[in-house]
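Report on one structure; see the data block that follows.
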Amino acid sequence: MTSDRISTSTRRRFITAAGAAGSIALAGCLGGDGSSGGGGGSDSYTINFWEPFSGGEGPVMEDIVAKFNEEQPLDVDEEVTINRQRTPWDQYYNNLYTTLTGGRGPDMAIMHAAYLRAWNNVIDPIGDYIETGDIEGDYLGNHWDLVNVEGETRALPMDLHPLGGYYNKDLFESAGLDPESPPTNWEEFQTAGNAIAEQTDSAAFSQSPYNDGFGSWRTYSSLTKQQGGTLFDSDWNPSFNNEAGQNTAELFWDMTGDMGWSPQTTEADWGINAFSNGNLGMTMNGTWYVASLSDVEDLNWGFFKPNVAPNHSQDAVWADGHSIVLPRSQSRGERKSELTAQAAHWMTTENPEWGARAGHLPAAADIRDSEVFQNSPFYDKTLSKYLEMAENDVYFYHPKVPNGDPNSQDWYQWLLDLWGHNYESPQAALEDGVSTISNGLEE
């Protein structure tokens, strides 16, 4: 899930220009009648679909698209085919931006819900092409809320992918801990981390297995919110330089300092390699991690709910979700847009394997209750616990900021440098963080 996103200033210029231009042809490669390019007729449509999935997610999405093309599940007279194009995660949004500005964008694309406000001028609200009142009940309420901005349904929700805690059961046992009793609060988390650091030759904890800025932010923001802190005020100003945010910054500093839980490294993917090799006791990562861990032989891992902040006053865990959007286009055509919206509805409501195999929390209500989902090899280990947190309203979403890139690595490099002790103090890192994000929002 690491990524070098497009710069906020570049996207800001693009979105402003797109808004000033009104309607702009964003999706190319289509016939003038909205049918598929390359000779397709009015009764045959090819939907160009862009997605960034790799690891354990990629094969699942590939199978979903293949099933659609084979079964033709839409109740329409036309033949509809999805042309899936995968772009690596670290290039995805940059490439999507380039194609949108060049008039060669896709008909349908995956977009994280956090972008639905900032990208408003370049996506068509899904309600323009499908009766959202008829399908709202197909989705769980918290997922439906995720794709609504200012009362407008801008996408169809596919999943939630919240933060969770992952731990190595063998290292727990080596440290004298009960491998079937992961931490449930700060005291137990601290005890486990200290035991691993003192009783084994392995690291105790990584704030993000990718050792990246945005991964660090997912953990930092969760621990800050758990202590009653805020992230932004009502005017989108960063507000995390509060007591709770300061406590979390000092905790990061101490984990790689006096506590000795982790080396002071900013090496990319340090935690991925250490956890896979059995040399890291605990880490924080999202739902998608399970598919990758399942491919690692002889790794005896477990899961815990990440509500383990010191000074805990509330349960609060970061979450975002994948959604399906229709990039704005004059050349896609009305009928093709309607068919694309129907295909997006099918993809988000009829494919339990997105949860059962990829490990995410599906947005569709029926999928949550399906045998396929509940018989997933991940269900007892992770999914049932993620569901419990969802049912208890534990998840919070990062604000959908009006401009800028809330998932940008550039916005959160200060957190990685804090982890690596590249500042004089935690407070200096916090001040740099507030300045960096404020500038990103203003560009």
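Using modelled amide H (1.01 Å from N, peptide plane; none on Pro or chain starts), what sits under 5 Å from the amide H of Ile82, excluding residues fewer than 5 places away?
Ile47, Asn69
Give me the one-decimal nm value for the distance between modelled label points at Asn375 and Leu74, 7 Å along each residue's Cα-to-Cβ direction.
For the pair Asn375/Leu74, the computed spacing is 3.1 nm.
Test of the criteria: in the range 305-403, which chymotrypsin sites (Phe, Trp or Tyr not before Pro) are in a DSSP loop and have at most 12 other Cβ atoms within 10 angstrom of their Cβ?
Loop-located and lightly packed - none at all.
Of all the accessible heavy-atom surface of the chain, with the other protein chains kept in place and a 1.4 Å probe, what percent is carbon and sulfur?
Heavy-atom surface of the chain belonging to carbon and sulfur, 1.4 Å probe: 39 percent.
Write down the accessible area per residue of the chain in Å², having rolled a 1.4 Å probe over the full set of protein chains.
Spelled out: the 1.4 Å probe surface of the chain, per residue, equals 37 Å².
Mind giving me the nanometre distance, one decimal, between the label points for Ala66 and His312, set 7 Å out from Cα along Cα→Cβ?
4.3 nm
Which value, in Å² rounded to 10, gives the accessible area of Thr81 with a 1.4 Å probe and all protein chains present?
Thr81 has an accessible surface of roughly 40 Å² with all protein chains in place.
Over the range 158-287, calculate the relative contact order: mean separation of alpha carbon pairs under 8 Å at least 6 apart, over the residue count, as a percent.
Relative contact order, the range 158-287: 39 percent.
Kindly provide the helix-only [θ] at 222 nm of the chain, computed as the sum of -39,500 (n - 2.57) over DSSP H runs of four or more divided by all residues, to the nearest 500 deg cm²/dmol?
Numbers: 18 runs with 171 residues, N = 443.
Per the formula, -11000 deg cm²/dmol.
Tell me, Kirkwood radius of the range 269-376 from alpha-carbon pair distances, in Å?
17.2 Å
Report, in listed order, any pair from Lys225/Lys381; Lys169/Lys305; Lys305/Lys400; Lys225/Lys305; Lys225/Lys385; Lys169/Lys381 with a Cα-Cα distance greater than 23 Å. Walk me through the numbers before you get to the answer.
Details: Lys225/Lys381 25 Å; Lys169/Lys305 15 Å; Lys305/Lys400 25 Å; Lys225/Lys305 15 Å; Lys225/Lys385 20 Å; Lys169/Lys381 13 Å.
Check vs 23 Å cut-off fails for Lys225/Lys381; Lys305/Lys400.
Using 0.36 nm per residue, how much length does the chain from Glu431 to Asn279 gain when fully extended, once their Cα-Cα distance is taken away? Please list the in-between numbers first.
On the way: separation 152, 0.36 × 152 = 54.72 nm, distance 3.31 nm.
Computed gain between Glu431 and Asn279 is 51.4 nm.
State the Cα centre-to-centre distance between the range 279-325 and the range 333-370 in whole Å.
24 Å
From the phi of every residue in the range 67-74, what ³J(HN,Hα) in whole Hz does the Karplus formula 6.51 cos²θ - 1.76 cosθ + 1.60 yield, where θ is phi - 60° and glycine or proline is x?
Result, rounded to whole Hz: 5, 4, 5, 7, 8, 6, x, 6.
Evaluate E = 1/(1 + (r/R0)^6) for Glu187 and Leu299, where r is the Cβ-Cβ distance and R0 equals 22 Å; express this FRET efficiency to the nearest 0.05.
Details: r = 27 Å, r/R0 = 1.23.
The formula returns an efficiency of 0.25 here.
So what is the relative contact order for the range 343-443, in percent, with contacts set as C-alpha pairs under 8 Å and at least six apart?
Computed over the range 343-443, the figure is 18 percent.
Name the residues whose placed amide hydrogens come within less than 5 Å of the amide hydrogen of Ser323, ignoring near sequence neighbours (fewer than 5 apart) on the same chain.
Hits under the 5 Å cutoff: Met111, His112, Ala113, Met158.
The values are calculated or read from the model by the stated rules, or taken from the named source; none is laboratory data. What you are looking at is a predicted structure, and each value in this text was computed from that prediction instead of being measured. With ideal geometry, Cβ positions are generated from the backbone for all residues, glycine too; neighbour counts draw on all protein chains shown. Remember, those area values only see protein heavy atoms, side chains included, never the ligands or the DNA or RNA. Shrake-Rupley method; radii C 1.70, N 1.55, O 1.52, S 1.80 Å.
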